[in-house]
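Some notes on the structure that comes next.
Bear in mind these aren't lab numbers, they're just calculated from the coordinates by the rules spelled out. What you see is a predicted model, and the numbers here were worked out from it, not measured in a lab. Neighbour counts run over all protein chains shown; Cβ positions are idealised from the backbone, glycine included.
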Amino acid sequence: MVKNGFVNAGYIYLNMDDCWAGSRDSNGKIVPDQNTFPNGIAPLAAYAHSKGMKFGLYSDAGNKTCARRPGSLGYETNDANTYASWGVDYLKYDNCNTDGTPPETRYPVMRDALANSGRQIFFSMCEWGVDNPATWAPAVGNSWRTTGDISDNWGSMIGNADKQVGIVQFGAPGGWNDPDMLEIGNGGMSLDEEMTHFGLWSIMKAPLIIGSDVTNPSQQSISIYQNANVIAINQDDLGVSASLVRRVDGSYDVWGGPLAGGAYVAMVINRSSSKQTLTLNLDDLMISSAKAQDLWSGKALGHIKGSYSASVPSHGNFLLKLTHVKMVRSKTYDAAANGNTLSGNADIRSVSACNNGQAVGNLGNGGNLTINNISSSASSNRVTITFLNGDVSRPLMYSVNGGSGTSVYLPSTGSFNSAGTFNVTMNFNSGSSNRVQFYTNNSAYAPDLCGIVVWD
């Protein structure tokens, strides 16, 4: 870690996973496996500290760990105090072999035990996203796994990334969504796929945990893991995850989000099986112009206005930092506002996630919403739809000024009490008498709608 430059690049935690624990003594104190660790754990932690690193350990919120070693259920205070006495700085906490009670009940017990141990210990929760931890874990841990275990291939990696789409808003300084470790250097992905892997984890502000051999890394792996420009995005002081702002199924994704100091990050990913020329439309980020930097190479790209295009290999990406940003103007239209038209079974419900505390639901199967009196000075506008969804993608159709309908699928937001956004382009007339109708063309139900933002 030190010799190969990883610590200097910021990878300061040396974490040990399952199988270190052996038994408990007569006082219930956890005892390391004496065959593997005859001198105990404390000397390992001290050695890591002497090299400028912090030391991480593993346990489980059940009676036994996933590998059937002693778990911490019922011994939380004892174990937390023991870890602190050994100099442990990080605890990964799995969810195997439990007593059947929900993790929302068991994980706070270890949180409190760590807080009272007298040592600051990072609490990394792992129940694999089963109980939607993003919605409750921010009050419990410093990170929480949001997916099952990652595998070293494109499908697994991009699948784990896709599962973050509806929950990115729950990560913030002090607590982070964790889509699992990085597989760079294990041989199952191409260079372009590994760069997309690292770029996505970085812009989502996910923990960057190396899951490959650091004793003899290739120069290719080092060039990705230790890219200072990309790491800086992950460690940005604002701590806001990028979000998916455009998806063309089977073709490409556009992710973007704000950085400290008014800057932005944008990432365009080629999800197809062949090289493509892909375009970042700045208005997907509500930006009209900016200065751009290629984060992989560090090269300044100069001032860009409107859009930026590049040739991108299969499963590759381009990743930009945008500064000197000029934003476009916007106006918000609430779905439940007076003057809008509801028909069929469409109705209004109270929900705190919406701008005005109300959403329109029961859209589809005959239920329609028309937002009236929309102003525009341009023929084509970027429109941000703010919506509430459950745990699956749902269809939504919209029609502008009585024209033909356009169909989109909106991703899960985790629950109907959590909001997400989705950007589309609508063609308006100049003036303030535009209207947009939202509906579905069959018996399916659409997400509930908070409203729209029109960017002019």
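Quick check on the exposure proxy: order His49, His197, His315, His324 from fewest to most C-beta atoms within 10 angstrom. List each step's numbers first, then the result.
Working: His49 14, His197 25, His315 22, His324 11.
The fewest-first ordering by Cβ neighbours comes to His324, His49, His315, His197.
Counting only C-alpha contacts under 8 Å and six or more residues apart, can you give the relative contact order of the chain as a whole percent? Write out the running numbers ahead of the final one.
Details: 1077 pairs, mean separation 42.7, N = 456.
Reported as a whole number, the value is 9 percent.
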| Among Gly366, Asn401, Ala346, whose Cα sits farthest toward the positive end of the charge dipole of region 330-455 (+1 at Cβ of Lys/Arg, -1 at Cβ of Asp/Glu, about the Cα centre)? | Asn401
| request: State, to one decimal in nm, how far the label point of Thr277 lies from the label point of Asn417, with both points 7 Å from Cα in the Cβ direction. | output: 4.9
| field | Where a label projected 7 Å from the Cα of Asp112 along Cα→Cβ would reach, residues of region 127-159 with amide N under 16 Å | value | 139-141
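Taking R0 as 51 Å, what's the FRET efficiency between Ser309 and Ser50 from their Cβ-Cβ distance, rounded to 0.05? Numbers along the way, then the final one.
Details: r = 50 Å, r/R0 = 0.98.
Efficiency at R0 = 51 Å is approximately 0.55.
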| request: Could you pull out every Cys in the chain that lacks a partner Cys with its beta carbon under 4.7 Å away? | output: Cys19, Cys126
| request: Report the one residue of Val2, Asn227, Thr98 whose Cα lies farthest in the direction of the positive end of the charge dipole of region 2-235 (charges on C-beta: Lys and Arg +1, Asp and Glu -1; origin at the Cα centre). | output: Val2
| Where does the chain land at 222 nm, in deg cm²/dmol rounded to the nearest 500, when only DSSP H runs of n ≥ 4 count, each adding -39500 (n - 2.57), divided by all residues? | -4500 deg cm²/dmol
| Residue farthest toward the positive end of the dipole of the chain, with Cβ of Lys/Arg at +1 and Asp/Glu at -1: which of Asn177, Tyr439, Ser85? | Tyr439
| task | Using only alpha carbon positions, build the gyration tensor of the chain, then give the equivalent ellipsoid semi-axes as the square roots of 5 times its eigenvalues, largest first, whole angstrom. | result | 44, 27, 17
| query | With +1 on each Lys and Arg Cβ and -1 on each Asp and Glu Cβ, how big is the dipole of the chain about its Cα centre, in debye rounded to the nearest 20? | reply | 1060
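Over region 286-350, what is the mean sequence separation of C-alpha contacts under 8 Å (at least six apart), divided by residue count, expressed as relative contact order in percent?
Numbers: 66 pairs, mean separation 23.5, N = 65.
Dividing the mean separation by the residue count of region 286-350 yields 36 percent.
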| remark: Counting only DSSP beta bridges with both partners in region 2-235, the antiparallel fraction in percent, to the nearest 5, comes to 20
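Quick one: Leu238, Leu285, fewest Cβ neighbours within 10 Å first, how do they rank?
Numbers: Leu238 14, Leu285 27.
Sorted ascending by nearby Cβ count, the order is Leu238, Leu285.
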| field | Nearby lysines by direct alpha-carbon distance to Lys54 (threshold 24 angstrom, same-chain neighbours under 8 apart not counted) | value | Lys3, Lys29, Lys92, Lys205
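Taking the convex hull of the Cα atoms, report for region 193-316 its projected area averaged over all directions, in nm².
7.9
When the chain is fully extended, how far beyond the present Cα-Cα distance does Ser223 get from His324, taking 0.36 nm per residue of separation? Could the numbers behind the result be given before it?
Values: separation 101, 0.36 × 101 = 36.36 nm, distance 2.79 nm.
So the chain would gain 33.6 nm between Ser223 and His324.
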| task | Can you pull a Stokes-Einstein diffusion coefficient for region 332-393 at 4 °C (1.567 mPa s), Rh from Kirkwood over Cα pairs, as a whole number of µm²/s? | result | 100
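For region 1-97, what relative contact order do you get, as a whole percent, if you take Cα pairs closer than 8 Å and at least 6 residues apart?
Numbers: 164 pairs, mean separation 29.1, N = 97.
Relative contact order comes out at 30 percent.
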| field | Inter-part distance where region 385-456 and region 143-173 are each reduced to a Cα centre, Å | value | 25
| field | Bridge type composition, the chain - antiparallel percent by DSSP, nearest 5 | value | 85
| task | For each of Ile41, Ile150, count neighbouring Cβ atoms within 10 Å of the residue's Cβ, then give the residues from fewest to most. | result | Ile150, Ile41
| field | region 60-93 versus region 323-338: alpha-carbon centroid distance in Å | value | 48
